[in-house]
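Worksheet for the structure shown next.
Please treat every number below as a calculation from the coordinates, not as lab data. Being a predicted model, the structure only gives us computed values, none of them experimental. In this analysis, Cβ positions are derived from the backbone assuming ideal geometry, glycine residues included, and neighbour counts consider all displayed protein chains.
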Amino acid sequence: MDRDRLEAALAREFDAGPAARRVVARQAMDLADSGQLERDLGVALDVETVVANLADAPAEYGLRERWNWWLGALSLSHGGYDRFTVRATRDR
């Protein structure tokens, strides 16, 4: 996955500041590097997958909440995704 491309897509698709975009992109890179999503769901993590899944979150959620919402669903269904959640950011 291309981190710069992901950050640009997050900026384009979601109302989020640079700190939130950076931390979500960093966690997405860690998730991609782990290979866990590919093992569990048979799909490689890419920019389109991240954006599509974050878009499914409730509309009132900020970027960090959207990311954690998706990771929470993955944790419930497959376990082991909590380590990729975002604890806090300086902006949405």
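The angle between the Cα long axis of helix 63-78 and the longest principal axis of the Cα atoms of the chain comes to about 10 degrees, rounded to the nearest 10.
Going from the fewest other Cβ atoms within 10 Å to the most, the residues 61, 81 appear in the order 61, 81.
Dividing the summed -39500 (n - 2.57) terms of all DSSP H runs of n ≥ 4 by the residue count of the chain sets its mean residue ellipticity at 222 nm at -20000 deg cm²/dmol. Across the alpha-carbon atoms of segment 3-84, the computed radius of gyration and Dmax are 11.7, 32 angstrom.
Each Lys and Arg Cβ is given +1 and each Asp and Glu Cβ -1; about its Cα centre, the chain then shows a dipole of about 360 debye. Relative to the longest principal axis of the Cα atoms of the chain, the long axis of helix 18-34 lies at roughly 10 degrees.
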